Amino acid sequence: MAPKAVDSILDVIGNTPLVKLQKLVPPKSADIFVKPEYLNPSGSYKDRIALEMIRTAEAEGKLKPGYTIVEASTGNTGTALSFVGTRLGYNVEIYMPEGMTRERIKIMESYGAKVFEMKIEGLDAKGSVAGAEVEFIPRKKCLDLERSNPKVWWARQFCNPANWRAHIVTGNEILEQMNGKVDAFIASIGVGGTLYGCAKALKAKLPKCRVIGLEPASARYAISDGITSPPGVSKDISGGIIEEMMESGLIDEVVKVTNEDAIKTSDRLVKEEGLFCGISSGANVYHSLKVAETLGKGKRVATVLPDHRDRYLSEKKYTT
Ligand SMILES: Cc1ncc(COP(=O)(O)O)c(C=O)c1O
């Protein structure tokens with residue numbers, strides 16, 4: 001049955017399908033189900049949080065007509081806020097670490113946002129999947145803008161509870177789509193909203209479901225090394241959801257994945273499964289394959305494919 005007609009493109013955010021991997025999973029392993037979140041309108045699951053954060057801020061009177069939405073982002077939250085924010089009539093300014101692909105900037109600008117690239121000393125953000133730490137300098141900029149202009153609203157995805165709340169819905173969709181049978185859930189961590197929200201939904205119904213977070217092996221401040229709020233970095237721009245998530249006891253394990261393994265697996269997802277996803281999707285499936293092997297046949301692993309490959313295409317590794 002075709003989906004019903006909707007009034008606005010914003011109405012098609014979320015409710016993504018769930019797909020069982022056909023080729024990558026060895027016969028003796030557990031089944032792996034992936035949620036292609038790149039099917040959201042702006043190409044990532046950040047559409048979910050952009051809408052929830054904006055609607056909450058409006059309801060709380062923090063965001064009003066004529067205001068400017070600002071955010072620090074390496075791409076997807078910036079893109080989602082550009083899409084949702086401009087649809088709802090706001091100005092949108094995105095502060096990005098320098099070195100991200102041109103496509104990301106062009107996508108945001110296409111929606112009508114202004115994009116500002118910021119130099120990040122001592123860090124080569126180019127082509128990497130380094131965690132939230134690349135956003136510290138852009139976050140400081142957003143904080144300054146918010147403090148100096150009452151008509152600026154900073155979305156603050158790293159500590160905004162509307163972020164993880166949006167992903168309780170993602171987790172509940174997974175539960176429904178898998179008929180309540182999920183043995184493990186795996187998701188990469190940026191600011192932690194996806195893992196925390198999904199963990200809340202899954203553990204509420206399935207306390208034994210194993211919830212595993214992933215972080216880039218290249219991260220300087222690693223959660224798996226016990227760092228949830230980096231030393232010397234102000235609480236105004238760090239910690240937030242990650243700290244709360246790790247203190248919640250809902251996360252069973254956090255594991256490091258290398259860029260190389262993530263990229264290789266994302267290439268396989270495109271070539272062997274037809275899933276046109278980005279790097280963190282590769283990380284999620286790389287570790288899901290390990291967990292599926294350990295759990296064995298008859299068990300079920302779920303994960304997400306956070307974003308679309310369109311925003312990485314100019315990176316050389318994708319064209320060879
Ligand atoms: C491609 C991609 N994967 C994974 C993540 C991690 O998601 P979260 O910030 O909800 O932890 C993000 C967000 O930064 C992302 O853009």
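The values are calculated or read from the model by the stated rules, or taken from the named source; none is laboratory data. The model shown is predicted, which means the values in this text are computed figures rather than measured ones. Every residue, glycine among them, receives a Cβ derived from its backbone with ideal geometry; neighbour counts consider all protein chains shown. Surface areas here come from the heavy atoms of the whole protein model, side chains and all, with no ligands, DNA or RNA. Shrake-Rupley method; radii C 1.70, N 1.55, O 1.52, S 1.80 Å.
What the table below lists for this structure:
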item	result
Stretch gain in nm, segment Glu109-Leu18, where the contour uses 0.36 nm per residue and the Cα spacing is subtracted	29.7 nm
Net charge of neighbours whose Cβ lies under 10 Å from the Cβ of Met96, counting Lys and Arg as +1 and Asp and Glu as -1	-3
Accessible surface, per residue, of the stretch 46-154 when the full set of protein chains is kept, probe 1.4 Å, Å²	42 Å²
Other-chain or far-sequence residues with amide H under 5 Å of Val92's (modelled H)	Ile69, Lys114
Nearest-ten-degree value, helix 102-111 long axis tilted from longest Cα axis of the chain	60 degrees
Under 5 Å, built H, 5+ apart or other chain: amide partners of Met118	Met96, Glu98
Check: the chain dipole with +1 on Lys, Arg Cβ and -1 on Asp, Glu Cβ, in debye	540 debye
Potential extension, Asn91-Glu58 segment - 0.36 nm per residue separation minus Cα distance	10.4 nm
Reference-scaled alpha-carbon Rg (2.2 N^0.38 Å with N residues) for the stretch 46-154	1.02
Heavy-atom accessible surface of the stretch 46-154: percent carbon and sulfur, 1.4 Å	48 percent
Cβ-placed point charges (K, R +1; D, E -1), dipole of the stretch 192-320 about Cα centre in debye, nearest 20	480 debye
Spin-label model distance (nm) - Asp310 vs Lys264, 7 Å beyond Cα toward Cβ	3.0 nm
Residue-by-residue Karplus 3J(HN,Hα) for the stretch 268-276, coefficients 6.51, -1.76, 1.60, Hz, glycine and proline x	5, 4, 6, 5, 9, 10, x, 9, 8
Inter-label distance for Glu244 and Lys119, nm, one decimal - labels placed 7 Å from Cα along Cα-to-Cβ	3.6 nm
Ordering of 172-181, 265-274 by burial proxy (mean other Cβ atoms within 10 Å per residue, highest first)	265-274, 172-181
Most positive-pole-ward Cα, Ile168, Val25, Ile237, against dipole of the chain from beta carbon charges	Val25
Label-point gap, in nm, between Ser234 and Lys297 - each point 7 angstrom along Cα→Cβ	5.8 nm
Formal net charge of residues neighbouring Cys198 (Cβ-Cβ distance under 12 Å; K, R +1; D, E -1)	+4
